[in-house]
1. Along region 163-178, what does the Karplus equation 6.51 cos²θ - 1.76 cosθ + 1.60 (θ = phi - 60°) give for ³J(HN,Hα), rounded to whole Hz, x for Gly and Pro?
2. What are the GluC sites (Glu not before Pro) within region 8-44 that DSSP puts in a loop, where the Cβ has at most 13 other Cβ atoms within 10 Å?
3. So if I place +1 on the C-beta of Lys and Arg and -1 on the C-beta of Asp and Glu, and nothing else carries charge, what would the dipole magnitude of region 12-65 be about its Cα centre? I want it in debye, nearest 20.
4. Given a Förster distance of 35 angstrom, what is the FRET efficiency for Arg143 paired with Asn164, based on the Cβ-Cβ distance and rounded to 0.05?
5. Calculate, for Gln98 and Glu12, the FRET efficiency according to 1/(1 + (r/R0)^6) with r their C-beta to C-beta distance and R0 30 Å; round to the nearest 0.05.
6. If you plug each phi of region 185-190 into the Karplus form 6.51 cos²θ - 1.76 cosθ + 1.60 with θ = phi - 60°, what whole-Hz ³J(HN,Hα) values come out, in order, with x for Gly and Pro?
7. Taking Rh as the Kirkwood radius, which is the inverse of the mean 1/r over Cα pairs, what is the Rg/Rh value for region 85-217?
8. Once both labels are modelled 7 Å past Cα along the beta-carbon direction, what's the Tyr216-Lys26 spacing in nm?
Amino acid sequence: MDTAVITKNLSEKEKEELLKEVLGEKYSSAGKNLPVLKKAIDIIGNVSDVLTVAELIPIINTLLSSSRFFSIVSSGASVFSIFLFPVATMISIIDAYQTGHKMYAFRAIAYTLTAWAFDKPIPVSSNRVLSNLRSGDLVRRQRIVQEYKQIWTKTSQSVLTKVNTELAAKNIPKDALQITLRALSNNNEQSLCELLMKGFESEMSHIAVLTWKSNYSIKYPS
């Protein structure tokens, strides 16, 4: 099979053959990565006109196998927690925020990375969350909304800087990480965003995480 061309609409058997060809001796150890790699083949065939399947698949397999980038945990269904270690360095900063501000910063990370993975414009806020800020008088509400907007902007810009810097330092193609994130979420924006948000549950108190989970009903990009 010619791995130097864009591949579209391959059967499951053809994907397996392609993965065996591309991964070589590493195919047998790919194990649980294989379903994600098959989804990645579909995505590469539709979005990548720069790098070939032969170039991207081995990189994606390495990313999936590396604890430096992903931590796969099981709690009913598989989700991945703090995934990009440069982003994890922001946690100590976010911990200094009040609970509501902290949760908004985590949502900013999830929304930013989701938009980045799908090459979409980066959301500048969550309008649904901002509209729910109804405590206090008008002046106080306006002040809090402004604080939240500033936190979102700061967090979003920091995430993009850290991701791009780390990719360059590790010589990892942007396409590879984007496709990995999309493949892990079945190429669905809302699913990816929720998976990313679930990754922050361990960073919150028991009480805060109950509120955090209840707000999964606010779907990206609202």
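No lab work stands behind these numbers, since they all come straight from the coordinates. If you're wondering where the values come from, they're calculated on a predicted model, not measured in any experiment. Here Cβ is always computed from backbone atoms with ideal geometry, including for glycine, and neighbour counts include all displayed protein chains.
1. With the stated coefficients, region 163-178 comes to 5, 5, 5, 5, 4, 5, 5, 8, 6, 9, x, 4, 3, 5, 6, 4 Hz.
2. Working: sites: Glu12, Glu14, Glu16, Glu17, Glu21, Glu25; in loops: none.
Sites meeting the loop and neighbour criteria: none at all.
3. Working: 7 positive and 9 negative charges, 52 e Å.
Value, rounded to 20: 240 debye.
4. Values: r = 32 Å, r/R0 = 0.93.
So the FRET efficiency works out to roughly 0.60.
5. Working from the Cβ atoms, E equals 0.05.
6. After applying 6.51 cos²θ - 1.76 cosθ + 1.60, I find 10, 6, 6, 10, 4, 5 Hz.
7. Working: Rg = 15.2 Å, Rh = 15.6 Å.
Ratio of gyration radius to Kirkwood radius: 0.98.
8. According to this spin-label approximation, the distance is 3.2 nm.
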